Each structure stands twice: as structure tokens, then as C-alpha cells.
Amino acid sequence: VTGARRFPFVVAVAAVWTLLPLVPLLLWSWSGGWPWPALLPPRWSGRAWNYLLSPSTRALPALATSITLSGGVAALALVLGVPAALGLARYGGRSRAVAEAILFAPLVVPPLAVAVGLHVLFIRLGLADTMLGVMLVHLVFALPYVVLILLSASATLRGAWEEQGRSLGATPWQVWWHVTLPMLRPSLAVAATLAFLVSWSQYVLTLLIGGGQVWTLPLLVFATARGSDPALLAAAALLLVAPTLVVLLASARFLDHRQRGMAVV
Amino acid sequence: MGGSHRSGLAARGAGTAMKFAPTPALLIAPAVLLLGGLFGAAFGFSVAQSLGLWSVGVADAPTTRYYRALWSTPDMVRSLGLTLYVSTATTRCATAGGLLLALVLLRVRRWAAVVRVLIQLPLPVPHMAAAVGVALLLTQSGLLARLGHALGLLAAPADMPPLIYDRYAIGIIAAYTWKEAPFVALALAAALSNRAREAEHMARTLGASPWQTFWRITFPTVAPTLLGVATVVWVFTFGAFEVPLLLGQSYPRMLAVEAYTAYNDTNLLVRPIALALNSVIVVVTALATVPYLWLLRRANREHGDDAAEGRA
């Protein structure tokens with residue numbers, strides 16, 4: 001158990017733990033060659049970044065596809081997930097248990113299993129190798145998080161304000177727009193962030209259902225890993241990391257412990 | 001949800017207002033139909049193909065021979081063994097590390113904001129990027145080996161024990177532990193900060209040692225959450241794909257990598273075996289979640305009355 005007095009030590013441990021795998025990424029990506037056994041690169045260079053952002057690596061198209069894809073997934077997940085959570089919060093009994101089982105099942109099923117199972121069907125439906133198809137399978141894994149976040153948020157809505165709105169003559173849509181929605185806004189930001197991040201890090205779903213036609217950043221990183229340019233690989237990995245930190249910081253003021261804790265899988 | 005209590009709430013809330021609002025079933029339907037449809041389809045097609053149906057010119061009637069073929073070589077047992085080992089080791093490391101990080105998170109006062117950001121930083125980092133970072137850190141000429149050289153511990157990269165592509169899957173376990181420990185920490189910190197802080201304080205006031213306080217108060221409080229989180233981590237690592245693809249040895253491989261490789265084999269006759277393997281993965285995952293689901297159900301029973309609001 002750590003005492004308050006030993007505090008700088010704790011900060012150091014937390015910093016080392018978190019930064020350990022990130023430091024080699026930063027150093028390699030800005031290095032101009034880094035021979036063994038130098039502790040730091042002897043020369044710094046923007047070579048890897050310049051090359052990464054040049055047309056030959058197709059990194060910028062991958063970035064654009066990833067942003068469109070994950071943004072679309074987040075939007076769709078909100079459109080489907082918000083009503084589902086609100087409905088679920090007012091539901092009870094066995095039907096709620098069944099609905100929850102279906103909505104939360106993707107949290108514990110490996111993406112590969114779903115991708116492999118859906119591949120044949122998606123080929124027949126013409127959804128394989130398309131953005132829409134990839135978006136749909138990403139949605140399967142993003143939706144549970146949106147429902148989870150908004151379910152816990154709407155459980156804390158006591159309904160008194162909504163009641164008041166109604167008794168003052170507001171229609172259900174007015175109540176939703178002027179009362180419920182503003183109360184849910186922080187949770188909506190968190191839910192959208194999570195949905196975006198879940199989609200952003202997907203590799204195998206995009207690979208299998210997108211068939212290499214939907215070219216996202218994780219695919220770029222993996223392709224780069226097959227090459228033999230650690231500087232380029234590190235830059236590609238950082239290009240994949242950086243936007244997630246931006247998204248997280250942008251919604252950070254809405255996050256509390258428990259909600260952020262759901263962000264892993 | 002507890003029957004009699006709920007109907008009382010329902011009677012109180014019903015009738016007053018919700019008349020024109022869409023019904024809960026209607027609100028839930030789109031999400032449930034989409035997820036249920038895609039999931040049902042994935043499951044159905046997967047099982048059908050593993051039984052030799054729906055594939056390229058194999059069988060007209062369902063057959064179990066692909067499941068038998070799966071177990072006919074030692075590869076399957078080795079892959080399963082490796083996968084069980086990796087997911088169990090990762091779960092142990094991530095829960096132990098997460099528990100430590102949670103205690104740090106709860107006890108810091110000065111610098112608290114910095115520590116919080118540092119601990120949470122791995123959460124949004126994609127697994128693929130974490131794997132690359134771990135590779136550049138642990139490879140035989142990586143940053144760790146260079147540190148070892150600077151400290152005079154090793155002379156050449158060959159002196160560094162192989163920590164990626166190795167038989168103990170150290171790199172895979174390290175990458176997942178780095179990613180999952182903060183998740184464990186935040187879940188545990190939430191569980192702890194809500195309940196046990198006062199009890200801990202009281203125990204210390206009454207003269208309990210930090211060690212006694214931890215084992216008698218802190219640990220029992222977080223044990224249910226710990227089981228839930230550990231299950232999530234275990235299940236997640238069991239189905240892991242991209243990290244072992246990047247950092248794993250070439251034989252034996254983890255189950256998901258094996259399944260993907262078989263699925264993409266140029267020989268399409270291998271494909272049903274991939275789907276049989278897929279079924280094995282899903283069955284093991286489902287079995288592993290049984291304690292977790294039991295836990296969820298119990299938690300729902302405790303909190304269900306709050307959630308069931310004014311609607312029959």
C-alpha cells in the first residue's frame with residue numbers, strides 16, 4: 001500500500017509503465033538510423049514521417065477511410081443505441097433479459113468468430129469488400145458500449161424533469177429534445193467516443209469483411225510491420241495512436257472513472 | 001427484476017404521461033433486430049459451414065468429420081494449450097497490475113491528475129500500435145536490450161533472451177497486460193471508491209495493519225468486480241488475433257490466428273476446418289463467461305428496481 005509520502009516514486013512507476021512501449025515509437029519515428037547499441041538515435045530525421053505521408057504508402061487515404069468509417073460507426077451506434085438504452089431502462093422482466101443478452105453478447109464474442117461467420121453471407125449480399133459491410137460489422141462491436149453507457153446514465157435520470165415538462169404540456173418529442181437530451185449530453189459524448197475508438201482499433205473485422213479494399217490505418221500498420229523499416233513502422237503506429245488521444249482528450253471532461261473503464265475491448 | 005416491488009413503481013408512474021411516447025419495445029427493436037440478426041447469421045453460417053454445408057462442393061448432409069479432423073493432429077492441442085496459457089497468464093498479470101494501479105490511483109494526492117492521465121493513457125491505444133511498441137521495446141536489439149548493454153548486462157543482441165516470437169509468448173502477454181491493466185484498475189477503483197474507503201479508514205483507526213486492512217477489507221470488497229473484470233480480460237485474450245499475429249511464434253499459433261489462416265487457405269476444402277475451430281473458440285468463450293453472467297444477473301437483481309421505471 002502506497003503512502004502519500006512516497007509519492008514521487010509512484011508517479012515515476014506510473015510514468016514508466018505507461019510510456020515504456022510508447023517511447024521506442026517516438027524515438028524510432030524521428031530517428032535517422034539507430035544502430036545498436038546506442039541508447040538514443042545518434043541522428044534525428046523527419047525521413048520516416050515524410051515517407052509515411054507521401055502517396056506511395058497510402059497512409060493519408062487510410063487515415064481518411066479510418067476517420068469516415070469510425071465516425072460513421074459512432075453516428076450509427078448512437079442512432080440505434082440511444083433509443084435502445086432508453087427503451088431498456090423502461091423495460092422489465094424476461095424480455096429485458098433477452099434483449100440485454102443479445103445487445104451485450106458482442107462484448108464477449110471474439111471479433112474473428114463473427115467476421116468468419118458473416119463473411120459468406122456478406123459475399124452473397126454484396127456487402128463484402130464494401131465500406132457499408134465493414135461499418136456494419138464494426139457496429140456490432142460498438143453498439144454494446146453505447147447501450148451500456150447510456151443505460152447506466154438513464155438509470156440515474158429520475159424522470160422528474162421529464163414529468164414536469166409533460167405536465168406543462170410538452171409533447172413527447174419536445175420533452176426528449178429539451179429535457180432528456182440535454183441531461184444525457186455528457187454520456188452521449190462518452191458513448192460516441194467509445195464507439196469511435198472500438199471501430200478505430202479494429203483489424204480483423206476490416207481485414208476479412210473489407211477484403212483489403214477498405215484500407216484503414218490498422219491495415220497500414222500491419223502491412224508496414226511486414227517490411228523492414230522500423231522508423232516507418234513506428235511512425236505508422238503513432239499515426240494510428242495520435243487521433244485516439246485527441247478524441248479522448250476532447251471528451252475527457254465528460255468522462256468519469258467507471259465509464260472510462262469500459263474503453264478497453 | 002423483483003416482481004412485486006416493480007409493479008408498485010409501475011402503478012405509480014403509469015397513466016400520467018407516457019401515452020404518446022413510443023413504447024420501449026419499439027425503441028429497442030432496431031438495435032436488437034440488427035445485432036440479433038447479424039449474430040444469429042454469423043453463428044448459423046459458422047456452424048453450417050463447420051458441418052460441411054454451404055461450402056465449396058463438400059457435403060450434402062451435415063458431417064462431423066471436420067471436427068474430428070481438427071483433433072486428428074497434435075497441432076490443435078498445442079494451439080489450444082498455448083491459447084489457454086496466454087489468456088490465463090495475461091489475466092493474472094493484468095489483474096495483479098490493475099490492482100496495484102487502482103491502489104495508486106486511489107491513494108495519490110499530490111500529482112493526482114498527472115498519475116490519472118498516465119494510468120489511463122493506454123486505454124485508447126489500439127492493440128496493433130501497442131504490439132508495435134512492445135516489439136520495438138523487447139526485440140533482441142530493442143530499447144530494453146540497449147538499456148541492458150548500457151548497464152553492462154549484455155554485450156550483443158544475441159545475449160538478450162528472445163521476448164518476442166518466443167515460445168513463452170512474453171511479448172503477447174506484455175502487450176495485452178499493458179492494455180488491460182488500466183481497464184482493470186479503473187473498474188476496481190470505481191468499485192473501491194464507492195464502498196470500502198470508510199471501512200478501510202475505520203480499520204486503520206482501530207489499529208489494523210495496512211496488510212490486514214488490505215486482505216480483510218479491500219480485497220473482499222473488490223473480489224466480485226475482480227472476477228468480472230478478470231473474465232472479460234480472459235475471454236478477450238482467448239480470442240485475440242492481431243497481437244499474436246504480430247508478436248507470436250510460427251508454431252504453435254494461437255487459436256484465432258490458426259482459424260484465420262485455415263480460413264484463408266488457398267485450398268478451400270480446409271475452410272470447414274477453420275469454422276469448426278471457430279466453433280471451439282466460441283464454445284470455450286461462452287463457457288468462460290458463465291460465472292460472469294451469473295454475477296451480472298445477481299447485480300441486476302440488486303439494482304434492477306432502480307432501473308425498472310414506471311412502465312409495465
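Which of (1) part of a helix (DSSP H, G or I); (2) surrounded by 14 or more Cβ atoms within 10 Å (Cβ to Cβ) is the odd one out, the single condition residue A:9 does not satisfy?
(2)
Looking only at the stretch A:189-224, how many residues end up being among the β-branched types (Val, Ile, Thr) and within 22 Å of residue A:127 (Cβ to Cβ)?
Going through the stretch A:189-224 one residue at a time, the tally reaches 6.
Within the stretch A:65-88, does at least one residue satisfy the condition of being in contact with a strand residue (DSSP E or B) (Cβ under 8 Å, 6 or more places away or on another chain) and of a type in the set (A, V, I, L, M)?
No, every residue in the stretch A:65-88 fails to be in contact with a strand residue (DSSP E or B) (Cβ under 8 Å, 6 or more places away or on another chain) and of a type in the set (A, V, I, L, M).
So, in the stretch A:27-45, of the ones that are in a loop (DSSP other than H, G, I, E, B), more than 14 Å from chain B (Cβ to nearest Cβ) and open to solvent by 30 Å² or more (accessible area, probe 1.4 Å), which residue ends up nearest to residue B:132 (Cα to Cα)?
A:45
Of a type outside the set (Lys, Arg) and open to solvent by less than 10 Å² (accessible area, probe 1.4 Å): does that describe residue A:108?
Spelling it out, it is not the case that residue A:108 is of a type outside the set (Lys, Arg) and open to solvent by less than 10 Å² (accessible area, probe 1.4 Å).
Looking only at the stretch B:185-210, count how many residues are surrounded by fewer than 19 Cβ atoms within 10 Å (Cβ to Cβ), part of a helix (DSSP H, G or I) and over 29 Å from the mean Cα position of the chain (by Cα).
So the answer is 7.
What number of residues in the stretch A:173-218 are farther than 20 Å from residue A:251 by Cα, in contact with a helix residue (DSSP H, G or I) (Cβ under 6 Å, 6 or more places away or on another chain) and small (Gly, Ala, Ser)?
Residues in the stretch A:173-218 being farther than 20 Å from residue A:251 by Cα, in contact with a helix residue (DSSP H, G or I) (Cβ under 6 Å, 6 or more places away or on another chain) and small (Gly, Ala, Ser): 1 in total.
Hey, any hits in the stretch B:167-175 for a residue that's within 9 Å of another protein chain (Cβ to nearest Cβ), of a type in the set (A, V, I, L, M, F, W, C) and assigned to a loop (DSSP other than H, G, I, E, B)?
no
So, of the residues in the stretch B:184-238 that are hydroxyl-bearing (Ser, Thr, Tyr) and farther than 12 Å from residue B:102 by Cβ, which turns out to be farthest from the other protein chains (Cβ to nearest Cβ)?
Filtering first and then ranking leaves B:205.
Considering (1) open to solvent by 40 Å² or more (accessible area, probe 1.4 Å); (2) in a loop (DSSP other than H, G, I, E, B); (3) more than 27 Å from residue B:238 (Cα to Cα); (4) in contact with a helix residue (DSSP H, G or I) (Cβ under 6 Å, 6 or more places away or on another chain), say which one residue B:154 fails and leave the rest.
Only one criterion in (1) open to solvent by 40 Å² or more (accessible area, probe 1.4 Å); (2) in a loop (DSSP other than H, G, I, E, B); (3) more than 27 Å from residue B:238 (Cα to Cα); (4) in contact with a helix residue (DSSP H, G or I) (Cβ under 6 Å, 6 or more places away or on another chain) is unmet by residue B:154, namely (1).
Pull up the stretch A:205-224, narrow it to residues that are hydrophobic (A, V, I, L, M, F, W, C) and open to solvent by 30 Å² or more (accessible area, probe 1.4 Å), then point me to the one that is nearest to the other protein chains (Cβ to nearest Cβ).
By that ranking, first place goes to A:207.
Identify all residues within the stretch B:134-151 that are open to solvent by 50 Å² or more (accessible area, probe 1.4 Å), of a type in the set (A, V, I, L, M) and within 9 Å of another protein chain (Cβ to nearest Cβ); write none if there are none.
Across the stretch B:134-151, the qualifying residues are B:144, B:147, B:150.
Report the residue count in the stretch A:112-135 for those that are more than 7 Å from chain B (Cβ to nearest Cβ) and either basic (Lys, Arg) or open to solvent by 10 Å² or more (accessible area, probe 1.4 Å) (or both).
Count: 12.
Please state which of the following conditions residue A:72 fails to meet, knowing it meets all the rest: (1) closer than 30 Å to residue A:194 by Cβ; (2) of a type outside the set (Asp, Glu); (3) touching a residue at least 24 places away in the same chain (Cβ under 8 Å); (4) surrounded by fewer than 17 Cβ atoms within 10 Å (Cβ to Cβ).
Result: residue A:72 passes all but (4).
Give just the number: which of (1) at pLDDT 80 or above; (2) within 26 Å of residue B:94 (Cα to Cα) does residue A:233 not satisfy?
(2)
The values are calculated or read from the model by the stated rules, or taken from the named source; none is laboratory data. For clarity, every value in this text was computed on a predicted model and none was experimentally measured. Note: ideal-geometry Cβ built from the backbone for every residue, glycine included; neighbour counts use all protein chains shown. Side chains included, ligands, DNA and RNA excluded: accessible areas come from the protein's heavy atoms. Shrake-Rupley method; radii C 1.70, N 1.55, O 1.52, S 1.80 Å.
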